[in-house]
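Since the structure comes first, as structure tokens, the remarks are kept for the end.
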Amino acid sequence: MLMFIIQQRKRLLTMAMAWLCNTVLVAQPAEVTAIINADQGKQQISKHIYGHFSEHLGRCIYGGFYVGTDNTKIPHVDGVRKDVIAALKHMKIPNLRWPGGCFADTYHWKDGIGPRSERPTLVNRWWGGVIEDNSFGTHDFLNLCEELGTEPYLAANVATGTVQEFIDWIQYTTHESQSPMAELRKKNGREKPWKVKYWGIGNEAWGCGGNMTPEYYANIYKQFATFMDGKEFYRIASGANVADYHWTEVLMRDIPKNLVEGVALHHYSVIDWNNKGSATEFSEEDYMTTMQRALRMDELVTRHATIMDKYDPQKKVGLIVDEWGGWYNVEPGTNPGFLYQQNTMRDAMIAGVTLNIFNNHSDRVRMANLAQTINVLQAVILTDEEKMLLTPTYHVLTMYNVHQDATWLPVNYNNVDYTYKDKKVPAISISASKDATGAIHVSLVNIDYAKKHSVNVDLRGYDFKKVTGTILSSAKAQDHNTFDNPEKIKQKEFKGFKASKSGVLVDLPPFSVVVLEIK
Ligand code: AHR
């Protein structure tokens, strides 16, 4: 009898303990509270923040987009891979920058029109010294953009080109009625002009685009921009390298506002330019450094925007981050000049936090271009002959496309640290928007290498009935898709959330990206 009473007491005690634990667990506050005032929508997040970049570099154009009109092995439309077209359409690619990069300042567009057999060749001096046969030219690129339903962003040759060559390109591509260049276009098989709104005037004028001073470039820029109407075109000045604030200051000071619509900025997440490390075999220390570099984008955008505010308080001129992404050593055995690298969950983190930064600065950041679309740097697609795979970065861009042209919602949140030895960075990154149907999307990233974190999304001013989500995660930060296992990492339905008193309680696994849809 005594034994029975003792056992009974033990059972009751255990049950009480379990209840207490559960209660405590349920009542435990989330580490991060994110307050979203759904009725305080501000500016639109331009879809162009989700833009891409395709240079005549390595296998981005040749083998990536373009496999030749005579190719019988790989299905194509006028030489452009069908699988690539389908994937980019699905991702909702809003714009595509071409033909460079550094290549742009060596490119003479007239060499890439007319019968292919008559096109001159050139040495691609920046990228492996290979022979460029000009078989992919203006028609191919602009037709591709039409096929994709994306806006072209042409980068004009300033360093080795002329103003006349530039004006001719504008006339050739966009002139409706009779003119020498429109006639030449028609002779080459294209009756109607294309729609080309976005024009970059040079690229990295401080480096491969001519090693100019900002004062000198500002003068050259004005000379080129004078021959374009700002009502019809969006003119983008070659912008600063990373934290070169003087460059932005001079451009904003010296270029009259009626001659410029956008000023560019380039920033790559590189561990060390002399020792960039492997794309797939990296330590936690490398991972932390890459995250520090990626998160620096927030400071860069803030500081460049502050300078722009001084000269353009009405925020008419856009900050155009037309090159960003991770940069590592090339894959072993590949041409060092081709910049071919794999893409892991670490790259998904770069994409997730960077796009959140751009969303949260969308009052000034009007366009951005991930470098580069296929087979180069932080690519969304990799190809190997007839095989193609979608990288973790592709999935982030696809998950985030719900923010395109949606109304940005301010998110106020505390943070938790991700620490490694003596280094620390904020672990959580969040942005939110409301789309035209009234649905709210919240993108959350946990960059912590080892720990999951909880976030309470406290939604105010909005009655919701349904929450769904998608997640991108994997067992190891080094995980990536290969041609043998192309779907190791892909978006999945997210179930790690539950309704809380004031919104949605979310559990974010280490190095994961989640997008919630709340309606
Ligand atoms: O994206 C690769 C190169 O990086 C581009 O050509 C150049 O603009 C930048 O330095």
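The set of residues in the range 314-338 being within 26 Å of Tyr153 (Cα to Cα) and free of Cβ contacts under 8 Å to residues at least 24 places away in the same chain consists of Gln314 alone. Restricting the range 40-81 to residues that are of a type in the set (A, V, I, L, M, F, W, C) and out of contact with any Lys or Arg (no Cβ under 9 Å at 6 or more places or on another chain) leaves a set whose member that is nearest to Val321 (Cα to Cα) is Ile45.
This table checks each residue for (1) modelled with pLDDT of 95 or more; (2) out of contact with any helix residue (DSSP H, G or I) (no Cβ under 9 Å at 6 or more places or on another chain); (3) farther than 25 Å from Ser46 by Cα.
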| position | (1), (2), (3) |
| --- | --- |
| His266 | yes, yes, no |
| Gly277 | yes, no, yes |
| Ser283 | yes, yes, yes |
| Met288 | yes, yes, yes |
| Met308 | yes, no, no |
| Lys316 | yes, no, no |
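Entry remark, the range 155-175: residues being open to solvent by less than 70 Å² (accessible area, probe 1.4 Å) and out of contact with any Gly (no Cβ under 7 Å at 6 or more places or on another chain) number 14 in total. Note on the range 94-104: residues that are within 11 Å of the ligand (Cβ to nearest atom) and crowded, with 24+ Cβ neighbours inside 10 Å amount to 6. Among residues of the range 382-411 that are without any contact (Cβ under 8 Å) to a residue 24 or more places away in the chain, none has a Cβ under 6 angstrom from a residue that is open to solvent by 10 Å² or more (accessible area, probe 1.4 Å) and in a helix (DSSP H, G or I) at a sequence gap of 6+ or on a separate chain. The conditions of being open to solvent by less than 20 Å² (accessible area, probe 1.4 Å) and within 16 Å of the ligand (Cβ to nearest atom) are met by Phe53.
Elements of the type helices (runs of 4 or more DSSP H) sitting completely within the range 176-267 and holding at least 3 residues that are open to solvent by 10 Å² or more (accessible area, probe 1.4 Å) and free of Cβ contacts under 8 Å to residues at least 40 places away in the same chain: these cover 180-187, 214-225. Of all the residues in the range 269-288, those that are open to solvent by 30 Å² or more (accessible area, probe 1.4 Å) and either assigned to a strand (DSSP E or B) or in contact (Cβ under 8 Å) with a residue 60 or more places away in the chain (or both) number 3. Evaluated against (1) open to solvent by 10 Å² or more (accessible area, probe 1.4 Å); (2) of a type outside the set (Gly, Ala, Ser); (3) part of a helix (DSSP H, G or I); (4) within 16 Å of the ligand (Cβ to nearest atom), Arg59 falls short on exactly one condition, (3).
Of the strands (runs of 3 or more DSSP E) contained entirely in the range 329-427, those carrying at least 2 residues that are open to solvent by less than 10 Å² (accessible area, probe 1.4 Å) and more than 24 Å from His76 (Cβ to Cβ) fall at 365-371.
Within the range 105-119, take every residue that is outside any loop (DSSP other than H, G, I, E, B) and not hydroxyl-bearing (Ser, Thr, Tyr) and give me the one that is most open to solvent (accessible area, probe 1.4 Å).
By that ranking, first place goes to Glu118.
Restricting the range 357-415 to residues that are at positive phi and touching a helix residue (DSSP H, G or I) at 6+ places or on another chain (Cβ under 8 Å) leaves a set whose member that is farthest from the ligand (Cβ to nearest atom) is Asp405.
Exactly one condition in (1) among the hydrophobic types (A, V, I, L, M, F, W, C); (2) touching a helix residue (DSSP H, G or I) at 6+ places or on another chain (Cβ under 6 Å); (3) without any contact (Cβ under 8 Å) to a residue 24 or more places away in the chain is false for Ala475; which is it? For Ala475, the exception is condition (2). Looking only at residues of the range 120-139 that are open to solvent by less than 30 Å² (accessible area, probe 1.4 Å) and in contact with an Asp or Glu (Cβ under 7 Å, 6 or more places away or on another chain), we find that the one that is nearest to the ligand (Cβ to nearest atom) is Asn124.
One residue alone among Glu151, Glu176, Glu147 is more than 16 Å from the ligand (Cβ to nearest atom), more than 26 Å from Trp324 (Cα to Cα) and of a type in the set (Asp, Glu), and that residue is Glu176.
The values are calculated or read from the model by the stated rules, or taken from the named source; none is laboratory data. From a predicted model like this one, the values you see are computed outputs, not experimental measurements. FYI the Cβ positions are ideal-geometry reconstructions off the backbone, even for glycines, and counts take in every protein chain you see. Accessible surface areas use protein heavy atoms only, side chains included; no ligands, DNA or RNA. Shrake-Rupley method; radii C 1.70, N 1.55, O 1.52, S 1.80 Å.
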